[in-house]
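What follows is a set of notes on a single structure, which appears directly below.
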Amino acid sequence: MDGDGFDLGAAATRHGLSRSAAETLYRALVAGGGRQAQFSHPDLGGMGQWSGGMVQIGDMFNDGLKAKVGGFCAEMADKAKASEGRNDGAAQRPGDAAPTPKNQSRSAGSDWWPLELGAPASAGGQNGMRYACFPDRHRLAVEQDGRVQLYETGTHRLTGFAQQQGGGGAPLSFTGPDGAVTLDSLTKVER
């Protein structure tokens, strides 16, 4: 049994994951409050994320691995939520940064968006750019080169995110029920 009252090794075995990959996913789930996880581990296809059933991994065409990650995260989400409440959102191991109290600024390696936005419905990034979407607040946060810019999403319900690989044009675009939305079509918000 692990310290949180369940056997993480058994869960890893059930989902065909290594113990190390399972620990990485579980720590990411705890950090995301059981609602999302951003992780990086070679056994998980490199960098990836999970958010309420949506799985993105670096090995994007490996549907079997996506299913393993999705199944594990779905099973562990409630346990991660409970763990978050016990240790203020941090599942620590030696060498991890100390948890930051919720009323203080977060470090560059953790939540990078303004605290008042709360937890995003989805977040991700690649190639030096990150995004976090807050549909209840009608906001999108985008970080590039250490600078965070907020955008008003208005009536757009952003559900899919894509980053253009090379070339010109909008570096980040979105999909939703009303079709494609480009970053430059959204209104910048001053903080």
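When the residues of region 143-165 are narrowed to those that are under 20 Å from Gly179 (Cβ atoms) and at pLDDT 75 or above, which ends up least open to solvent (accessible area, probe 1.4 Å)?
By that ranking, first place goes to Thr153.
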Counting only residues that are part of a strand (DSSP E or B) and open to solvent by 40 Å² or more (accessible area, probe 1.4 Å), region 29-75 contains a total of 5
With respect to Leu25, is the statement that it is part of a loop (DSSP other than H, G, I, E, B), at pLDDT 90 or above and either buried (at least 17 other Cβ atoms within 10 Å of the Cβ) or in contact with a His (Cβ under 8 Å, 6 or more places away or on another chain) (or both) true?
-> no
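The values are calculated or read from the model by the stated rules, or taken from the named source; none is laboratory data. Everything quoted here is computed from the prediction, not taken from an experiment. Cβ: placed from backbone, ideal geometry, glycine included. Neighbour counts: every protein chain shown. Keep in mind that these areas ignore ligands, DNA and RNA; they rest on the heavy atoms of the full protein, side chains included. Shrake-Rupley method; radii C 1.70, N 1.55, O 1.52, S 1.80 Å.
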